[in-house]
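What follows is calculated from the coordinates using simple rules that are stated; it is not laboratory data. Here the structure is a predicted model, which is why all the values come from computation and not from measurement. As a convention, Cβ positions derive from the backbone with ideal geometry for all residues, glycine included, and neighbour counts pool all protein chains shown.
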Amino acid sequence: MWLCLLLAAATAAAEADPEAAAVERSLREGRIVSIVPLGEGITNSSRVELRDGPRTLRAVFKAADVRLEKSPYRFGAETVRTYRDSYRHEVAAYELDKLLGLRLVPPVVERKIGKKKGSLQAWVDRIIPWHTLDDRLELVP
């Protein structure tokens, strides 16, 4: 019964946002015009420009699929024992967002570019990079 309710909710959410469905189609099928490495972060992401008919779309491509048993990262005073980063997390977050009807995650699809399989996510302008938040926010102890 729960599965039927989830499927009904997913169908209703998909029908409720035809623009997101059009962006997903463009991400899957659009012709790649350019690929530029972002040069930031540890996932070696790239900015991709696509054309799908009259639509021009920018997106970010992430092919990282890494699992480390001994991570070089620390969380507070403790070393993180395992670390995993995968493009699949981006796709799963978007699909869950669609199921819940939140509309918080930009459209993401799984796509192969060249020989790499990864996530292709619609580009979002005017965001604040997470690593600059300490400079902009006064944190309450």
Open item on the list: As a footprinting exposure proxy, order ILE113, ILE127 by other Cβ within 10 Å, with the fewest listed first.
Closed with: ILE127, ILE113
Open item on the list: Please list 3J(HN,Hα) in residue order for segment 53-59, calculated via the Karplus relation 6.51 cos²θ - 1.76 cosθ + 1.60 where θ = phi - 60°; whole Hz, with x for glycine and proline.
Closed with: x, x, 7, 10, 9, 9, 8
- [ ] Hey, can you grab everything whose amide H is under 5 Å from the amide H of LEU38? Only 5+ residues off in sequence or another chain; H modelled, so Pro and N-termini drop out.
- [x] SER45, SER46, ARG47
Task: Order of SER86, SER34, SER119, SER46 under a 10 Å beta carbon neighbour criterion, fewest first - done: SER34, SER86, SER46, SER119
Open item on the list: Counting other beta carbons within 10 Å of each residue's own, what order do LEU50, LEU27, LEU104 fall into, fewest first?
Closed with: LEU104, LEU50, LEU27
Task: Whole-Hz ³J(HN,Hα) from phi, Karplus 6.51 cos²θ - 1.76 cosθ + 1.60, for segment 99-110, glycine and proline x - done: 4, 7, x, 7, 6, 9, 9, x, x, 9, 9, 8
